[in-house]
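The values are calculated or read from the model by the stated rules, or taken from the named source; none is laboratory data. Worth saying up front: this structure is predicted, and the values here are computed from it rather than measured. Positions of Cβ are backbone-derived with ideal geometry, glycine not excepted, and every protein chain shown enters the neighbour counts.
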Amino acid sequence: MKAWRRDCPLYLMALPAVLFYIIFCYVPMPGLVVSFKEYIPGSGMFSGEWVGLRWFDEFFRSPFAWRTIRNTFLLAFYTLLFSFPIPIIFAVVVTEIRNMKIRRIVQTVSYIPYFVSTVVMVGMLKSFLDMRTGILTQLIVALGGQPHDYMGDANSFRFLYVATDIWQHFGFNSIIYIAAIVGIDPTLYEASKLDGIKKFQEVWYITIPMIRDTIVILFILALGSLMSVGFEKVYMMYSPATYATADVISTYVYRKGIESHNLGYATAVGMFNSVINFIFVFIANTMCRRVSNASLW
Amino acid sequence: MKKLVALLLAFALCATMASFAMADEVEIVYTGEANKPIVSSPITLKILSATSNNVYDWDSMRYFREALEGTNITIEAELYHWSNYADVMTTRLAAGVDMPDIVFVDGNDADGAFYNAGLFVPMNEYAEEWGFNQKKFLEQYPTMKGAITTATGDQIFLPYVTDDSDLGRCLMIHYKLFEDNGIQIPTTTDELYDALKVLKELGDWNGNGLADETPFLFCNDIYMLYQLGCAWGLNLETGWHVNDEGIVSCDWIDPAYKDFVVYLNKLASEGLMNDDFATVTSDQQLAGFAADIIGATISWGGCSAWFSDLLEPGIDLLSVGGRGGYMNIDALEGPTGEKCFYSRDVFQRAFAITRDCKYPEVAYCLLDYMLNDDIVRTVWIGKENGDWSYDADGNMVFTEQYILNEDNYQWNNGANAEVLPGLQKTFYRAETPEAYTDLQKTVGDHTKRPIGFAFVAPEYTEKLNTYKADFDTYVQESFNAFVKGTRDVEAEWDSYVEYCKALGADELTSVYQARVDASK
Amino acid sequence: MKTFCRRFNSDIVFRILVVTLAVLAFAVTLYPFIYVVAVSFSSAQAGYSGKVYLWPVEPTLIGYGEAFSDKAMLTYYGNTIYYTIVGTAFNMMATVLLAYPLSRPTFSGRKFLNFFIAFTMYFGGGMIPVYLVVSGVGLFNSRWAMILPTLVSTYNAMICRSAFSGIPDELIESAQIDGANEFRIFRSIAIRLITPTLAVLTLYYAVGHWNEFFNANLYLSKAELQPMQLYLRRLLMQAFIPPNKNIKVEAQEMATLQIRYVTIVLTILPILAVYPFIQKYFVKGIMLGAVKG
């Protein structure tokens, strides 16, 4: 009770956000029960008959369920593996540019791709990779390669997906690290310079540890999306020719739902996704709490 | 807690009932297909609908506004682009709040979920009393009955109809290339193969020093490529077709399908056709026309003018009678003598009246009235004696303003807006080159209608939901592999058919059979 | 001498690496943008036939003309600016006020609240229950629909919280000893020490509002409330449908390719213009760091 009184101002501060979470996140949450129901449109979230695990069963019975789960996981995993560290490296590079003008220009330009809508980005990619007239094909041929249908090749889908993801996000995602690096106490660097420390060591022993908390938090957050892949981008990029590696849970569910508006099925599959993501985060968070003081909760 | 919920429910119920009671009594006079429905006191109807034109301002749509003058009906429209529409419609209907009076149902509510939930008002009574235009449409397109009437006999939709029986998708060839090199215009699939072969041997016909030419180029609008299968008697767009005895069979496991795929594989492996058709976008294809690397393709008949203009900017197709640029040609005869084009389903868009509509009879009359000849024609080709008029020879002469569509003139007026029931049909226009009109006249004779949408009994819907997605995934994937040659269709055929059956080919056939039966 | 050489070499390698990576990043991000701008000003024929590399070919303004032909364009832009400014202000207030208590090690509700907000990142009721709530509290066709349902991004709140955690405990403790209450510590110490992070979050939220499309599509059906993204998106999607109606080809219908690129330019330019002002704070952080030491 004493703690309560002492923390009263703190509770007051958090109040607006907590109200937001209650109204817009927790009040709708019971809607998840439609995963176990035959939902009747227009009759509220609690209408309809219980169907138990029918929608989950339907999903897992499909011969393509495991393929889509695997594809989803692998796409997300590769994205994490490559897309996560690059903004950090880029942030270090940017902050090492001494000329302020150049630094600003490089940084500003770097996040332009973030604003290119997925539709247009994929359109550009396809045009550039066109087997007959694409700029990239011309480049590959000039370098002694053969024209190849990369967009229609299941083997290159993951590469293209991850490469474009890096391109679109590295600049924008680096902003947070740049801010963190800039916030590091410069006297630390000055002291180390006197010790004759090398540049690489400086980055490794000063810069990285100083922004470690930020990295850890963002990494845990990123782990929580290991089972989610942006629907729109895959949907625009894939084709029956690349289903083998490109068909993910969300695109499969979308195709499945074209003939019907089955809310129960969609919610059930979405919940399966969330649970897996949550498990990943939970494990990561527990591990991080052991080794550092940065954690989500 | 329970008490509270009950109290709230009771309150909601009272509120709903009160709102029903408060609805003013209105009388409607609607006496025939050519007459306007007139309401005794002014009312407003809300419409939720989608359009593909970039004009969402209902108030600017003069064609509709003029049609409604004097009816006492005001329309408040919420219009979305079709690509954003499904989210909005599904969410609002599924939530059952903020519902309009009239809704365009994207996806046709195939399994009747919205209808079964009581969201749509049955129209049968109204149709009997006021369905003047509906009756006329059903006489002309009888198969549509199954699409607007549920398995239990309730009519819940009025349609937007697409009639492209006289020129939908067709083959088009690079006219000059064929002409200059003395290549006969193909009439059979074998002749097409020979013609493509000659084109291939021509090599660098655009003379840019690169081997970028493709005799037969398709983009990822896969239905264009499927259209070639018509020569084998297949309608791969639907995946099932019905024979003259009314028996449905699955095209994906038809022996003719194997022959078709073997043919395509031959084209692809000899470099006569692009094998990256799964990924080439319409942009890339347009780029291909502009770079003069495409010998022939299949697309919407009306698009050939666009492609021609990319090939030779400023080309005047009228002055050459359509013999230039990319020229539309007739359907090819297949190995078994089959010769046809498949059109789209006439039933394209469904409009329903929702349970929240206070004046369903007025809404019905409005929807029926929209199918009136004059409105339908005005929306499709402009207003007679305004946008066009007949000259002394009986030809239609259009105003410059309409033809040039300056500042989106057509769209602003509501041309082809698709936001309400209507009809899309080629009306012959003065500026159509004769080669096209000639073709349009002959094409109609061998255009077939696909198996259209129709409501079927719940057990079939169940089958559709269970099997369709997986089946489609497998056959589409296989189609690509067979044509590309990464899988050998000859060697794999039996196991392929077997797997298709395991994925529910026969069950799905029964669904389409049920649709055909429901359309009778 | 030997150590000098090694040090010299390694630092040279480092500089070379930095320069190479910076140039590479600059090139791969700038070129597509140049390409986009060039195509947006080129004729469709030139754009389609792949003649555009760096500079507009057969320059035309037809794409921009099409985009600006809608007189409501200014309204859409105005709405977006409104949602961005007001929305971001609300976002920042709620987020900072939430993140500070969550960062205080002595706060009794800390553990619970952290989990309380983290949980929502993974579990939500889904589109329809949320719609029922938003519509139920009367936000359908209201400007608040663009502000309240996205009031706090948990992701951003986490970042903000860890920035607060980075403040040395001694600073806050000494303030407490001086008799400052939590509000005062928050206002005059904590907030000031995390300016760079606040700048980043402001940018994140602002960009989020700027690009917001989904909620606008769902909740705003009145044209006078809609943001620019909804309009640009329609323009963009419209460009994908080939006209299959008119036999005569119109210049306007040919403009589809440019329109797509015009939409990008129209999205990026305003943000590009505002960015340097935000970026200033990243540089300012250095001084704060010095104070901190």
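When C:Gln229 is tested against (1) modelled with pLDDT of 80 or more; (2) buried (at least 21 other Cβ atoms within 10 Å of the Cβ); (3) more than 10 Å from chain A (Cβ to nearest Cβ), just one condition goes unmet, and that condition is (3). Counting only strands (runs of 3 or more DSSP E) that sit completely within segment B:347-421, those holding 2 or more residues that are over 20 Å from the mean Cα position of the chain (by Cα) correspond to B:388-390, B:396-398.
The rows are residues; the columns are (1) surrounded by 18 or more Cβ atoms within 10 Å (Cβ to Cβ); (2) facing chain C (nearest Cβ under 9 Å); (3) among the aromatic types (Phe, Trp, Tyr).
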site	(1), (2), (3)
A:Tyr238	yes, no, yes
A:Tyr243	yes, no, yes
A:Asp247	yes, no, no
A:Asn262	yes, no, no
A:Ala268	yes, no, no
A:Met271	yes, yes, no
A:Val275	no, yes, no
A:Ile279	no, no, no
A:Thr286	no, no, no
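Residue check: C:Lys71 meets all listed conditions (1) in contact (Cβ under 8 Å) with a residue 24 or more places away in the chain; (2) surrounded by fewer than 15 Cβ atoms within 10 Å (Cβ to Cβ) but one, namely (1). On the stretch given as segment B:472-520, residues that are more than 24 Å from A:Tyr252 (Cβ to Cβ), at pLDDT 95 or above and touching an Asp or Glu at 6+ places or on another chain (Cβ under 9 Å) total 0. What do you reckon, is B:Thr71 closer than 23 Å to B:Val105 by Cβ and touching a residue at least 24 places away in the same chain (Cβ under 8 Å)? No; evaluated as a whole, the condition is false for this residue.
Take C:Thr202 and decide whether it is more than 7 Å from every other protein chain (Cβ to nearest Cβ), outside any loop (DSSP other than H, G, I, E, B) and either touching a Gly at 6+ places or on another chain (Cβ under 6 Å) or at pLDDT 80 or above (or both). Spelling it out, C:Thr202 is indeed more than 7 Å from every other protein chain (Cβ to nearest Cβ), outside any loop (DSSP other than H, G, I, E, B) and either touching a Gly at 6+ places or on another chain (Cβ under 6 Å) or at pLDDT 80 or above (or both). Only one residue in B:Tyr193, B:Tyr223, B:Tyr263 is buried (at least 21 other Cβ atoms within 10 Å of the Cβ) and assigned to a helix (DSSP H, G or I), so which one is that? The unique qualifying residue is B:Tyr263.
When we screen B:Asp244, B:Asp283 for residues that are within 14 Å of another protein chain (Cβ to nearest Cβ) and at negative phi, the only hit is B:Asp283. For beta carbons closer than 9 Å, sequence separation of 6+ or different chains, a first residue in segment B:325-347 that is polar (S, T, N, Q) and a second that is in a loop (DSSP other than H, G, I, E, B) and at pLDDT 90 or above, the qualifying pairs are B:Thr336/B:Gly233; B:Ser343/B:Pro450. Within segment C:24-52, the residues that satisfy the criterion of being closer than 23 Å to A:Gly171 by Cβ and either over 29 Å from the mean Cα position of the chain (by Cα) or of a type outside the set (A, V, I, L, M, F, W, C) (or both) are C:Thr29, C:Tyr31, C:Pro32, C:Tyr35, C:Ser40. Checking the conditions here, which among B:Lys200, B:Lys145 is out of contact with any strand residue (DSSP E or B) (no Cβ under 8 Å at 6 or more places or on another chain) and touching a residue at least 40 places away in the same chain (Cβ under 8 Å)? Being out of contact with any strand residue (DSSP E or B) (no Cβ under 8 Å at 6 or more places or on another chain) and touching a residue at least 40 places away in the same chain (Cβ under 8 Å) holds for just one of B:Lys200, B:Lys145, which is B:Lys145.
Given the structure, is A:Phe90 in contact with a Ser or Thr (Cβ under 7 Å, 6 or more places away or on another chain), within 14 Å of chain B (Cβ to nearest Cβ) and surrounded by 15 or more Cβ atoms within 10 Å (Cβ to Cβ)? No. Restricting to segment C:155-205, name every residue that is among the small types (Gly, Ala, Ser) and on the phi < 0 side of the Ramachandran plot. If the condition is that a residue be among the small types (Gly, Ala, Ser) and on the phi < 0 side of the Ramachandran plot, then C:Ala157, C:Ser162, C:Ala163, C:Ser165, C:Gly166, C:Ser174, C:Ala175, C:Ala180, C:Ser188, C:Ala190, C:Ala199 are the ones that fit. Within segment A:274-288, being among the polar types (S, T, N, Q) and touching a residue at least 60 places away in the same chain (Cβ under 8 Å) holds for one residue alone: A:Asn285. With respect to the conditions (1) over 24 Å from the mean Cα position of the chain (by Cα); (2) at the interface with chain A (Cβ under 7 Å from one of its Cβ atoms); (3) surrounded by fewer than 22 Cβ atoms within 10 Å (Cβ to Cβ); (4) assigned to a helix (DSSP H, G or I), C:Ser135 lacks only one, and its number is (2). In segment B:436-492, which residues are basic (Lys, Arg) and either within 12 Å of another protein chain (Cβ to nearest Cβ) or over 22 Å from B:Val261 (Cα atoms) (or both)? Within segment B:436-492, B:Lys441, B:Arg449, B:Lys463, B:Lys468, B:Lys484, B:Arg487 meet the criteria.
For (1) more than 12 Å from every other protein chain (Cβ to nearest Cβ); (2) surrounded by 21 or more Cβ atoms within 10 Å (Cβ to Cβ), each residue gets a yes or a no:
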{"site": "C:Ala145", "(1), (2)": "no, yes"}
{"site": "C:Tyr155", "(1), (2)": "no, no"}
{"site": "C:Asp178", "(1), (2)": "yes, no"}
{"site": "C:Ser188", "(1), (2)": "yes, no"}
{"site": "C:Ile194", "(1), (2)": "no, yes"}
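Selection of helices (runs of 4 or more DSSP H) fully inside segment C:1-105 by the criterion of at least 1 residues being among the polar types (S, T, N, Q) and in contact with a Pro (Cβ under 9 Å, 6 or more places away or on another chain) returns C:2-40, C:44-48, C:73-103. Screening the candidates A:Gly171, A:Gly123 for the property of being within 14 Å of chain B (Cβ to nearest Cβ), surrounded by 21 or more Cβ atoms within 10 Å (Cβ to Cβ), assigned to a helix (DSSP H, G or I) and out of contact with any strand residue (DSSP E or B) (no Cβ under 9 Å at 6 or more places or on another chain) yields one hit, A:Gly123. For segment A:146-168, the set of residues classified as in contact with a Phe, Trp or Tyr (Cβ under 7 Å, 6 or more places away or on another chain) and either within 9 Å of another protein chain (Cβ to nearest Cβ) or among the small types (Gly, Ala, Ser) (or both) consists of A:Ser156 only. Listed by position, the helices (runs of 4 or more DSSP H) inside segment B:125-187 whose residues that are touching a Gly at 6+ places or on another chain (Cβ under 7 Å) and not β-branched (Val, Ile, Thr) number at least 2 are B:175-180.
Quick check on segment C:113-126. Is at least one of its residues outside any helix (DSSP H, G or I) and in contact (Cβ under 8 Å) with a residue 12 or more places away in the chain? Scanning segment C:113-126 turns up no residue that is outside any helix (DSSP H, G or I) and in contact (Cβ under 8 Å) with a residue 12 or more places away in the chain.
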